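Here's the structure we're looking at; comments come further down.
The values are calculated or read from the model by the stated rules, or taken from the named source; none is laboratory data. Everything numeric in this text was worked out from a predicted model, so none of it was measured. No Cβ is skipped: glycine too gets one built from the backbone with ideal geometry, and neighbour counts run over all protein chains shown.
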């Protein structure tokens, strides 16, 4: 049992770290593009995962959740990339693209892992293709989970910021005031099982749609 969990953690480490850290890097790239150099000035616009890893949120929490859930659930986070929305050229409109960049990066990575899974299936079975196949499956699911989770319309999740950017100014201001309560609400939804009921069909649909594009049946 323990050996199996250790193997799962070892195989999941790479896709989990990249899914979490590149999500944050994408926010920084988008913010710089639209006029806010804050993340760039702090050295946070980088594809190097070491610049984004939070020892607790990126390593300890995902490993502990994998361990205690028997490898059936995964959650984690990286150091948030600093974004000063007031420095964007069009703060309200550009917020949409900066927020969307993170889930967009996860969607891109899900496609990349689907391609790697297809490649693993096409190559002759060997000591390399088997772990690559398992790693790719985890990569698809992890990125779909992070994409769906972050698109939920709840500040400070990316979906909440997207909603703020799309709502009329008065409604956007009122909706943004929810942000200090965002994570407590998210934890409440998680522990009551509501979050799982909402996300599971959306994650499954996303993963199946991506797999179908690559003929992964």
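Assess whether residue 51 counts as being modelled with pLDDT of 90 or more and more than 17 Å from residue 140 (Cα to Cα). Criteria not met by residue 51. Answer yes or no as to whether residue 79 is closer than 21 Å to residue 49 by Cβ and either at pLDDT below 90 or touching a helix residue (DSSP H, G or I) at 6+ places or on another chain (Cβ under 9 Å) (or both). Considered against the rule, which asks whether it is closer than 21 Å to residue 49 by Cβ and either at pLDDT below 90 or touching a helix residue (DSSP H, G or I) at 6+ places or on another chain (Cβ under 9 Å) (or both), residue 79 comes out as yes.
Residue selection: residue 123 satisfies the criterion of being farther than 30 Å from residue 82 by Cα and in contact with a helix residue (DSSP H, G or I) (Cβ under 9 Å, 6 or more places away or on another chain).
Within segment 156-171, can you find the residues that are surrounded by 21 or more Cβ atoms within 10 Å (Cβ to Cβ) and in a loop (DSSP other than H, G, I, E, B)? Within segment 156-171, just 157 meets the criteria.
Tallying residues that are at pLDDT below 85 and either under 30 Å from residue 217 (Cα atoms) or not in a helix (DSSP H, G or I) (or both) within segment 183-194 yields 1.
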